[in-house]
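Trainee: There's a structure below that I have some questions on.
The values are calculated or read from the model by the stated rules, or taken from the named source; none is laboratory data. Note that the structure is a prediction, hence the values are computed from the model and not measured. So basically every Cβ, Gly included, is an ideal-geometry build from the backbone, and we count neighbours across all protein chains shown. Accessible surface areas use protein heavy atoms only, side chains included; no ligands, DNA or RNA. Shrake-Rupley method; radii C 1.70, N 1.55, O 1.52, S 1.80 Å.
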Amino acid sequence: QVQLVESGGGLVQSGGSLRLSCAASGSIFSVNVMGWYRQAPGKQRELVSHITSGGSTNYADSVKGRFNISRDNAKNTVYLQMNSLKPEDTAVYYCNVDVRMRSYMSFRSYWGQGTQVTVSS
């Protein structure tokens, strides 16, 4: 099995910064795309950013220039550095990781438990 453990959420004032981490552990042969999604109350879950195994990144327009995604392949960990936070960034943030448990298996998507980020005005 594969487990994802998130950390780094919390309460911050508008303009502040937070860094989220998500570590994958368990039966892992290889990791492909790692990403972050968020879900605000009453809204659908949306992609924030993702990063491929080769380091290519993608960001939602709403966070471009403020958030930075990175990964440590040796630790199977993905990070999200969030700067210049706004109240509209308030949401539960979920990491999502594509993992292959054996060389002969397909990649499967796993979700973290979610971490709350609250930005006060």
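Trainee: Give region 108-119 a look and list any residue that's assigned to a loop (DSSP other than H, G, I, E, B) and on the phi < 0 side of the Ramachandran plot, or say none.
Mentor: 112, 113
Trainee: Within region 11-38, restricting attention to residues that are polar (S, T, N, Q) and in contact (Cβ under 8 Å) with a residue 60 or more places away in the chain, which residue is most open to solvent (accessible area, probe 1.4 Å)?
Mentor: The selected residue is 13.
Trainee: Next question. Among the strands (runs of 3 or more DSSP E) lying completely within region 48-107, list those that include at least 3 residues that are open to solvent by 30 Å² or more (accessible area, probe 1.4 Å).
Mentor: 57-59, 67-72, 91-100
Trainee: Let me ask you something else. If you scan region 89-121, which residues turn out to be among the small types (Gly, Ala, Ser), touching a residue at least 60 places away in the same chain (Cβ under 8 Å) and more than 29 Å from residue 30 (Cβ to Cβ)?
Mentor: 120, 121
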